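Below you'll find the structure, written out as C-alpha cells, and then a few comments.
Values in this text are rule-based calculations from the coordinates and carry no lab data. If you're wondering where the values come from, they're calculated on a predicted model, not measured in any experiment. Heads up, the Cβs are rebuilt from the backbone with ideal geometry, glycines too, and the neighbour counts pull from every protein chain shown.
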C-alpha cells in the first residue's frame, strides 16, 4: 500500500475508533452511571429526611448544602458516590448505599467496619444476587424465630445457625470409599453468590464433631461394642449483617431493576 493510501486508511480507522469510543461512553458508561447516581440520590434524599428529621423536611436543600460544606460529610458522600459509580448492582445496591450513607451523615461520623462490609457487598453483587441473599436470610431467620425447624437456631450471640448436613461414622461399619471431612462448599450448596458473601465474612461455615460410644445389646440388635463419630456441617449468618438483608428487602419493594 502506498504511503498516501496507508495514511488515509489509518485516519479513517482512527475516526471509526473514536466514534465507537464516543458511542460506548455515551450509551454505556454515562447512561448507567447516571442511572446508578439517580437511584442513589433519590434514595439519599428520602433517607436524609427520615434519618435526620424523622419526617419530611421542607428545607432539604439547606440541609444538603450544610452536609456538603462539612469535611467529614463530603468525604463520606464522595466515597459513597464512588461505590455507586462502580456498583455491579444497577438499582438495589445504590439504594442501600444511600440508606447507609444517610445514617452516617445524620450521625456526623465516618463509616464503621460493619457498614464498610455491607457497602462492599451491595457494590460487588448484581441485583438478582442481592435478592437471593435477602431471601435466603429472611427465610431462615423466620424459621429460627418460629422454631419450626430443629436444624435452624439462634445462637447466644444472635447469629443464625443452620445445620446443613451431617453424617455419622460407626466403628462397626465397613467403608469402602473415602468420606470427605472438609467444610461445606457454599458455591455448590447454595449458589455462586454465597461463596462471595462468605469471603466478606457475612456468612461462614463450620464443621463440628461429636463422638460417643455404645455397648453390645442383644435386645437392640447391637452385636458388639462400638463408637460413633458424627460430623455436622453448618452455615452461620452473622448477626451484624442480618440488617443488610432487611435493607435489601426494603429497597426491593420500591421497584424492580431497569432492563
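Note on segment 134-241: Cα-Cα pairs beyond 21 Å make up 48% of the total pair count.
Listed peptides 240-247, 124-131 appear in the order 124-131, 240-247 once ranked by packing, highest mean of other Cβ atoms within 10 Å at the front. For residue 166 and residue 75, a Förster radius of 45 Å and the Cβ-Cβ distance give a FRET efficiency of 0.40, rounded to the nearest 0.05. Nearest 0.05, what FRET efficiency do residue 209 and residue 150 give at R0 = 22 Å with Cβ-Cβ as r? Efficiency at R0 = 22 Å is approximately 0.70.
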